[in-house]
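Have a look at the structure below before the remarks.
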Amino acid sequence: MNEALFPVAVFFAAIFTNNILLTNYLGMCSFLSVSKELETSAGLGIAVTFVMAITTALNWLVYRFILVPFSLEYLRFIVFIIVIAAFVQLIEMIIERYSEGLYFSLGIFLPLITVNCAILGASLFMVIREYDFITTFFFGLGSGLGWLLAILAMAGIRMRLKTAKIPKGLEGAGISLVIAGFMAMAFMGFSGMITI
Amino acid sequence: MAKGIVKKTFLAPLGKDNPVFVQVLGICSTLAVTNKLENTLVMTLGVMFTTALSSWTLSLMRSWIPSRIRMMVETLVIATYVILVDIALKAFYPEMWKQLGPYVGLIITNCIVMGRIEAFALQNKPGLSLIDGLASGLGYAYVLMIIAFFRELLGTGSLWGYPILGSWWTNWSIMIMPPGGFFMLAIFIWVVREVVLKEAKK
């Protein structure tokens, strides 16, 4: 494949063929609990996309220029999670100061994000797959958008299901997992489109 | 420590307070590796080790942690134990370490670990917290082992890598692919809840 196009391929693969939620099961906790309403899902999804794109790139810089030169790679779990937590805290403070509207629509989701496994997962995948900086940024952005797409689709379907008669034992988490399974199957239709 | 409390602490996460099928917590990091029994066992042992020891450690430290930076301290303790698991796996079991990839590191964000610390370890004595952490890990492990059992059996016709079902069996390859994990967990939760609902009616 053309070298220059690789980041683009990774970007689309992260959204469709290797969706971080539907093929790697990352970010399930907030996915299951927040996907009841379309609006809140969109808010959380956008916040996740933003944080994931930036922190994955930040973590790449930290890993490449601090951890590798000092052979401290084994500390990456702690360092990555600190970078993510610090970044989330910083963003929360900035939007609280400058934009009240944004704070009330997005700010409430930020604390949830620190413990979202998808964010840390994207950083760990980027290390294992040995992406360069540009690819890493596109991978983070794509993974975030893929997560946003999945949670929006899920919220849409769940809103339609409100009036449906569901077996008692499947209500709540059960039916959401079944829907997620069907969505994962639908997304498998994309496979073969891009191989990375 | 009264014996009754110990027993109750140990048994609750295995049944009525099970982290997976009652609270649906912490499935993110492990569901991805449930297409093979062996991987699942190693992963869940890692989760058990982390939950038990970080509950114990934080329970020991509980009166010295300022509540403002509580989350940060918890994360650091958990991450320390996860790093231990990661290093041990890399040293003694490099093949498995490669297969599990990023999922070992993701134990840090497993909601069960932090959930047990917040809900239990910070209010209870170290010994009891250790038991609670261990039992939560065990409750988590056996559910995922059951899921892995069915996924590997139906998906590849074998268990632990050994062929069981023979050549007449057509592999349900969907079971070892991502949708299979979602369906299997949904079915498991459904069955358990139906049983619990029926018992509640009696």
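The values are calculated or read from the model by the stated rules, or taken from the named source; none is laboratory data. No experiment lies behind these values; they were computed from the predicted model shown. As a convention, Cβ positions derive from the backbone with ideal geometry for all residues, glycine included, and neighbour counts pool all protein chains shown.
Some observations on this one:
- Count of the stretch B:28-39 residues which are polar (S, T, N, Q) and away from chain A (no Cβ under 13 Å): 1
- So A:Arg76, is it within 22 Å of A:Glu3 (Cβ to Cβ) and part of a helix (DSSP H, G or I): no
- Hey, B:Glu194 away from every other protein chain (no Cβ under 11 Å) and not aromatic (Phe, Trp, Tyr) or not: no
- So A:Leu32, is it in a loop (DSSP other than H, G, I, E, B) and within 14 Å of chain B (Cβ to nearest Cβ): no
- Check on B:Met184, more than 17 Å from the chain's Cα centre (by Cα) and of a type outside the set (Gly, Ala, Ser): no
- Single residue of the stretch A:115-130 satisfying the filter (of a type outside the set (A, V, I, L, M) and surrounded by 21 or more Cβ atoms within 10 Å (Cβ to Cβ)) that is nearest to A:Leu75 (Cα to Cα): A:Ser123
- Hey, B:Thr50 out of contact with any Lys or Arg (no Cβ under 7 Å at 6 or more places or on another chain), facing chain A (nearest Cβ under 10 Å), part of a helix (DSSP H, G or I) and surrounded by 15 or more Cβ atoms within 10 Å (Cβ to Cβ) or not: no
- Test: residue in the stretch B:76-94 that is of a type in the set (Lys, Arg), part of a helix (DSSP H, G or I), surrounded by fewer than 18 Cβ atoms within 10 Å (Cβ to Cβ) and at pLDDT 85 or above: yes
- The number of residues in the stretch A:60-105 being touching a Lys or Arg at 6+ places or on another chain (Cβ under 8 Å) and within 20 Å of A:Leu141 (Cα to Cα) comes to 1.
- Of the residues B:Leu134, B:Leu153, B:Leu138, the single one that is in a helix (DSSP H, G or I) and touching a strand residue (DSSP E or B) at 6+ places or on another chain (Cβ under 9 Å) is B:Leu153.
- Complete set of residues in the stretch B:53-111 that are farther than 20 Å from B:Ser129 by Cβ and in contact (Cβ under 8 Å) with a residue 60 or more places away in the chain: B:Gln99, B:Leu100, B:Tyr103, B:Val104, B:Leu106, B:Thr109
- Within the stretch A:154-175, tally of residues that are under 29 Å from A:Thr55 (Cα atoms) and either polar (S, T, N, Q) or within 14 Å of chain B (Cβ to nearest Cβ) (or both): 1
- Where A:Met185 falls short, out of the listed (1) in contact (Cβ under 8 Å) with a residue 60 or more places away in the chain; (2) part of a helix (DSSP H, G or I): (1)
- Given (1) β-branched (Val, Ile, Thr); (2) farther than 18 Å from B:Leu45 by Cβ; (3) within 14 Å of chain A (Cβ to nearest Cβ), index of the condition B:Val143 fails: (2)
- When the test is whether a residue is surrounded by fewer than 19 Cβ atoms within 10 Å (Cβ to Cβ) and under 18 Å from B:Ser29 (Cα atoms), B:Met177 passes it.
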